[in-house]
Amino acid sequence: MALVVFVFAAILMLSEGLRKTLVETGSYDNVIVIRKGSNSEVMSGVTRDQASIIETQPEAAIGADGHTLLAKEMVVLITLPKKGTNASSNVVIRGIGTASLALRPQVKLIEGRMPKPGLSEIIAGRSIAERFKGSGIGEILRFGMRDWRVVGIFDAGNTGFNSEIWGDADQLMQAFRRTVYSSVIFKLRDPSGFESVKKRIESDPRLTVEAKRENRFYAEQSERMASFLRILGTTLTIIFSLGAVIGAMITMYSAVATRTGEIGTMRALGFKKISILGAFIVEALFLGLIGGCLGLFLASFLQLFTISTMNFQTFSELAFSFALTLDIVWKGLGFSLVMGFVGGVLPAVRASRMNIVESLRAV
């Protein structure tokens with residue numbers, strides 16, 4: 001039972017960790033504008049003229065320097081080799097503007113400096129620097145037919161930005177021969193003004209774009225992968241739980257067999273069949289609860305590990321950690337109690353139906 005609950009909790013923690021990482025990537029105060037119908041920034045395209053129109057929205061916040069807190073960004077995928085292996089994986093390259101860092105306060109430069117505009121310089125997310133060749137500070141990465149020097153490492157906490165490489169948008173657009181931006185991101189003066197700016201942007205005939213809150217946009221990125229993990233986990237857990245239920249049933253039948261005399265004595269003293277039935281069911285539930293607690297205890301250590309997988313929405317590498325929540329704890333304990341009940345109900349019925357005389361002969 002403990003092993004089944006461990007597997008069940010691990011899959012749910014994996015799904016929750018992925019969802020949490022992508023949800024925390026976005027900010028409720030930020031609006032992201034992408035081409036209408038695009039599922040991700042990689043598939044999106046916003047022309048320079050459209051970006052200039054979006055830049056004039058009165059709801060956009062103004063920074064301390066007097067400039068609008070808005071960034072026109074470009075996103076592409078490249079393939080990089082991983083450290084310690086010849087395997088390669090897709091990595092997100094994000095072309096950023098001067099306001100990109102201000103729009104994402106969760107991103108902190110932990111080593112080196114920011115790339116200078118006009119130069120072939122980049123900064124790498126902490127997860128990228130740890131796992132991919134050539135992505136350490138001072139090293140050179142070659143893509144877009146150019147050599148790019150890594151001048152800084154940033155930490156974005158538990159967000160998807162940790163799995164990205166950032167550089168000057170204009171330089172990256174030239175290198176990849178891109179004439180359009182992937183998205184435009186800006187901060188709202190007042191978060192409650194989102195619906196009005198969304199309506200204005202999407203109804204403008206000059207624009208073929210849609211506006212979303214940034215946190216909602218990234219939450220949608222996790223839905224497909226998280227749903228796949230939940231379905232896979234549920235299927236595997238059901239298969240494994242059959243063995244656990246059979247094991248619990250064997251344990252309870254053994255308990256009934258070794259307590260035949262006790263059952264007969266209790267019946268002779270006046271205990272009803274329902275009392276015998278209830279006693280064994282409670283015992284089975286208690287066994288299930290112990291197994292559930294042990295499985296959750298073991299699963300809690302998974303939070304110490306960080307894993308990487310491919311985001312089905314963007315087809316890029318994404319690093320995230322297991323996340324244990326109160327909801328997962330209740331589901332794990334509930335599942336263990338169900339297994340205990342199913343495994344104990346038949347032995348409990350058998351115990352309650354034992355003949356008093358035959359049971360007392362075993363004393």
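Listed values, structure above:
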read-out	value
Hey, ALA169 surrounded by fewer than 20 Cβ atoms within 10 Å (Cβ to Cβ) and outside the structural domain of PRO347 (by TED's automatic domain parsing) or not	no
Selection count where residues are assigned to a helix (DSSP H, G or I) and buried (at least 16 other Cβ atoms within 10 Å of the Cβ), scope region 54-63	1
Filter result (over 20 Å from ILE54 (Cα atoms) and either of a type in the set (Lys, Arg) or touching a residue at least 60 places away in the same chain (Cβ under 8 Å) (or both)) within region 64-85	VAL76, LEU77, ILE78, LEU80, LYS82, LYS83
Of residues in region 162-177 being assigned to a helix (DSSP H, G or I) and in contact with a Lys or Arg (Cβ under 7 Å, 6 or more places away or on another chain), the one nearest to ALA124 (Cα to Cα)	ASN162
Answer from ALA248, ALA299, ALA257 - the residue that is free of Cβ contacts under 8 Å to residues at least 24 places away in the same chain, in a helix (DSSP H, G or I) and not aromatic (Phe, Trp, Tyr)	ALA257
Criterion violated by GLU16 - all others in (1) closer than 17 Å to ILE307 by Cα; (2) touching a strand residue (DSSP E or B) at 6+ places or on another chain (Cβ under 6 Å) satisfied	(2)
Residue among SER192, SER135, SER127, SER89 that alone is part of a helix (DSSP H, G or I) and either touching a residue at least 12 places away in the same chain (Cβ under 8 Å) or buried (at least 21 other Cβ atoms within 10 Å of the Cβ) (or both)	SER127
Residue count, region 179-216 (criterion: farther than 17 Å from GLY26 by Cβ, in contact with a strand residue (DSSP E or B) (Cβ under 8 Å, 6 or more places away or on another chain) and not hydrophobic (A, V, I, L, M, F, W, C))	4
Residue in region 117-128 that is under 18 Å from LEU77 (Cα atoms) and charged (D, E, K, R) present	yes
Members of region 263-274 found to be small (Gly, Ala, Ser) and either under 11 Å from MET354 (Cβ atoms) or surrounded by 13 or more Cβ atoms within 10 Å (Cβ to Cβ) (or both), listed by number	GLY264, ALA268
Residue in region 111-127 that is under 16 Å from VAL184 (Cβ atoms) and within 27 Å of the chain's Cα centre (by Cα) present	no
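The values are calculated or read from the model by the stated rules, or taken from the named source; none is laboratory data. All of these numbers come straight from a predicted model, not from anything done at the bench. So basically every Cβ, Gly included, is an ideal-geometry build from the backbone, and we count neighbours across all protein chains shown.
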